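Data block below; observations after.
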Amino acid sequence: MNKIFITIILFPLLLHAQVEEKQDSIVHEQKMQWFNDAKLGIFIHWGIYAVNGISESWSFYNSYITHEDYMKQLDGFTAKNYDPDYWAKLIKESGAKYSVITSKHHDGFALWDTKYGELNALNQSAAKKDVLTPFVEALRKNDLKVGIYFSHPDWSYKDYTDFTREIKRYKIADDPKRWNKFLNYYQGQLKELSKKYKPDLWWFDGDWEHNKEEWEIDKVRDFLSKDNPNTIFNSRMRGKGDYGTPEQGLPVLRPLDKYWELCMTINESWGYQSSDNHYKTSQQIIDIFVDCISKGGNLLLDIAPKADGTIPKEQEQVLKDLGRWTKKHGEAIYSAQAGIPYEYYYGPTALSKDSTMLYVFVRDIPKDGKVALRGIKNKINRIYVVGNGAMLEHDVFSKVYWSEYPGLLYIDLPKQAIDENYTVIAIMLDGKIDLYDKRHGAIENN
Ligand code: GLC
């Protein structure tokens, strides 16, 4: 290649592309800021499936019940004790910063008074009203971010391809006109939701049924972003999202996505099922939450209101227990970032944004009252218990003058400072965390 071509044309072009990429990533980072800091969100699966207490949408798709019988649940969806302000207050109390609600699950039942189709809470359910708008308003009133769950597939819609696992209505290639009818309906609903609620976050689901081109994902993302430029998308958009969406399984290894959110049920079901008593305890939920924090992610914990709008007692209790813990430990939760590798502390940790504070999460009562860390090279300015204020003593062992090996750090944790779920120790460092990373320390002097 000719030198002049490289210096005059190619180099400035590459530079320009690099600058643009950098700007894009800064804009993206700004957009993701609130999400990154939020750490806890509450997911709500509310729909007609709560009436019989059967699995949301899947129960008819998998033919455990006929579609006709499934739809009979519309008559039992009364929402008669529905108190959206109470829902929002409870969510706020839990320490969550956002909530995501199922505006429409795969069964096609819309919670709002959509102009597209009849299958919605106002027209066809016993509630006879739009139940989504008051909740969105209550979230806003409580300064919580609004997330809208929306299922790409709509198995009840007559012009959608799939009806049940066995019954497919048609193939797109055989009837593109029919598919277009569906696209108008599906995108019409999305535009409606977007204009009406200006969601801070879109939580899509069910993208597996069609490819990116068939859903017209790029177009959808474009018009939704045009309405609300800062809106965030989960990843169920055929890879076109802003963050990773692991489901149920708490990541064992730290996910590679810069932003991620674990969505998880409170028992085993997304929607309300009276027979499902396999609840995780508040302790277990806090365990999982702490793990998400330490691995740099969010927890989106699902609750499942009954058809009359009441939140089951067990679920209410978990939110309150979470609230007690989050209120006390806010410093180590919101705005924290992923912690240090487990080799340095055998448990979860988090770092402040500027990496000068190390938060150490202690689940159990240490047998000898000491919490051990290793490989921290910084000078320690202060150690205290978050939300309790007690200053803690520490000691360093195995530090020899001839090696930069920083020794073993033992922090005294008195019993009276221990939290009933998770104690958090804050270690104030003299600067950004500096970890010892040599494989071994051979003798250099004596
Ligand atoms: C799955 C299921 C759905 C549930 C969702 C929540 O994709 O299809 O029933 O609502 O996960 O993450």
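The values are calculated or read from the model by the stated rules, or taken from the named source; none is laboratory data. What you see is a predicted model; the values in this text were computed from it and never measured. Glycine also receives a Cβ, built like all others from the backbone with ideal geometry; neighbour counts cover every protein chain displayed. Heads up: the accessible areas ignore ligands, DNA and RNA and are worked out on the full protein's heavy atoms, side chains in. Shrake-Rupley method; radii C 1.70, N 1.55, O 1.52, S 1.80 Å.
Please report the accessible area of Asp154 (heavy atoms, 1.4 Å probe, ligands and nucleic acids excluded) in Å², nearest 10.
0
Would you rank Trp112, Trp58 by solvent-accessible area, highest first, keeping every protein chain in place and using a 1.4 Å probe?
Largest accessible area first, the residues go Trp58, Trp112.
If you project the alpha carbons of the chain onto the principal axes, what extent comes out on each, in Å, largest first?
Answer, in whole Å and largest first: 83, 73, 40 Å.
Could you please put Val290, Val400 in sequence from largest to smallest accessible area, using a 1.4 Å probe?
Result of the area sort, largest leading: Val400, Val290.
Over the stretch 114-238, what is the relative contact order in whole percent, taking alpha-carbon pairs under 8 Å and six or more residues apart?
For the stretch 114-238, the relative contact order is 25 percent.
Go through Tyr410, Ala390, Asn421 and say which Cα lies farthest out towards the positive end of the charge dipole of the stretch 339-429; charges sit on Cβ, +1 for Lys and Arg, -1 for Asp and Glu.
Positive-most Cα among the choices belongs to Tyr410.
Give me Rg over Rh for the stretch 139-180, both radii from the alpha carbons and Rh done the Kirkwood way, two decimal places.
For the stretch 139-180, the value is 1.29.
In whole percent, how big is the carbon plus sulfur part of the accessible area of the chain, probe 1.4 Å, protein atoms only?
52
With everything on Cα atoms, drop me the angle between helix 217-227 and the longest principal axis of the chain, reported from 0 to 90° to the nearest 10.
80
Compute the distance in nm between two label points, each set 7 Å from the Cα along the Cα-to-Cβ direction, one at Asp368 and one at Glu21.
Distance between the two pseudo-spin positions: 5.1 nm.
Using the heavy atoms of the protein chains alone and a 1.4 angstrom probe, what is the accessible area of the stretch 311-350 per residue in square angstrom?
Spelled out: the 1.4 Å probe surface of the stretch 311-350, per residue, equals 42 Å².
Over the chain, what is the relative contact order in percent, taking alpha-carbon pairs closer than 8 angstrom and at least six residues apart?
RCO, the chain: 15 percent.
Using a/c under 1.5 as the rounded threshold, could you call the stretch 339-429 rounded, prolate or oblate? The axes a ≥ b ≥ c are square roots of the C-alpha gyration tensor eigenvalues, and prolate needs a/b larger than b/c, oblate otherwise.
prolate
As an exercise, identify the chymotrypsin sites (Phe, Trp or Tyr not before Pro) in the stretch 312-362 lying in DSSP coil whose Cβ has no more than 12 other Cβ atoms within 10 Å.
Qualifying residues, ordered by number: Tyr342, Tyr346.
Would you mind checking which residues have amide H under 5 Å from Lys370's amide H? H placed 1.01 Å from N; only 5 or more apart, or other chain.
Leu413
Build a GNM of the chain with springs between Cα atoms under 10 Å: which of Asp37, Asp175, Asp257 gets the top mean-square fluctuation?
Asp175
Top to bottom by accessible area (1.4 Å), largest first, where do Asp85, Asp207, Asp174 land?
Output order, biggest surface exposure first: Asp174, Asp85, Asp207.
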